[in-house]
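Here the structure comes first, spelled out in structure tokens, and everything after it is commentary.
No value in this document is a laboratory result; all are computed from the given coordinates. Source: prediction; values computed, not measured. Here the Cβ is made from the backbone with ideal geometry for all residues, glycine too, and neighbour counts use every protein chain on show.
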Amino acid sequence: MQCPFCKMDDSRVIDTRVTDGGSTVRRRRECVKCSKRFTTYEKPETSVRLMVVKKDGSRVPYERGKILTGLQKACYKRPVSEGQLEALVDRIEEKILTTFDREVPGKFLGEQAAGALKDLDEIAYVRFASVYREFRDVGEFIEEARGIIDSQSRESPGQKKLFEEDE
């Protein structure tokens, strides 16, 4: 494994752990040359290429990076770490692999990402939903936000008043 700091190809494994229900191996490594430590993740490569079935019926190869990019955009300037997003994509991939063999509907991917974001950060969820669900006007955006507010166990009076004034 190449050191990300000095680019030397020689490192030693310090610690190995299995994560994500056994689907990923996390290795802590130390470079033999510069002695800096870094982490690598290993995932088994599936022999079958997974295809995503889009809304229009077209099929494109599944790309983890596309999901991650969409989540990063939704979480821009939100208190969500890159590690949390990576873990979220790992959970989505685990669901894909246990539910589908060769093709996964794009709608399934979007719903999984939206549901996970809803639990992680409500603002990021509304941002993601506004693009994924293709809101046509502000009213649809407000309805989605109203749904979030209604689902909160602790509703603050200020938020409730904001929407009550509109009615």
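Structure note, pairs 7/43; 77/118; 43/77; 36/66; 55/95; 7/66: Cα-Cα distances above 24 angstrom occur for 43/77; 36/66; 7/66.
Packing here is the average count of other Cβ atoms within 10 Å per residue, and on that basis the peptides 64-72, 35-43, 117-125, highest first, run 117-125, 64-72, 35-43.
When shorter helices are ignored and each DSSP H run of at least 4 residues is given -39500 (n - 2.57), the per-residue value for the chain at 222 nm works out to -14500 deg cm²/dmol. Karplus-derived 3J(HN,Hα) values for the range 53-60, using 6.51 cos²θ - 1.76 cosθ + 1.60 with θ = phi - 60°, are 8, 7, 4, 7, x, 6, 10, 10 Hz; glycine and proline are entered as x.
Once you sort the root eigenvalues of the Cα gyration tensor of the range 34-106 as a ≥ b ≥ c, which label holds: rounded (a/c under 1.5), prolate (a/b larger than b/c) or oblate (the other case)? Here the range 34-106 falls in the oblate category.
How high is the FRET efficiency from residue 148 to residue 59, r the C-beta distance, R0 30 Å, rounded to 0.05?
0.35
Legend note: in the chain, cysteines whose Cβ sits 4.7 Å or more from every other cysteine Cβ are 75. The value of relative contact order for the chain, using C-alpha pairs under 8 Å at least six residues apart, is 14 percent. Two tests apply to each whole DSSP H helix in the chain, Cα reach of 18 Å or more along its axis and mean Kyte-Doolittle hydropathy of at least 1.0, and none passes both. Close amide-amide hydrogen proximity is noted between residue 5 and no other residue 5 or more places distant or on a separate chain, at a cut-off under 5 Å (H modeled in the peptide plane; Pro and chain starts excluded). For residue 104, the residues 5 or more places off, or on other chains, whose built amide H falls under 5 Å of its own are 51, 52, 53. What fraction of the Cα pairs in the chain, stated in percent, has a spacing above 27 angstrom? It works out to 44 percent of all Cα pairs.
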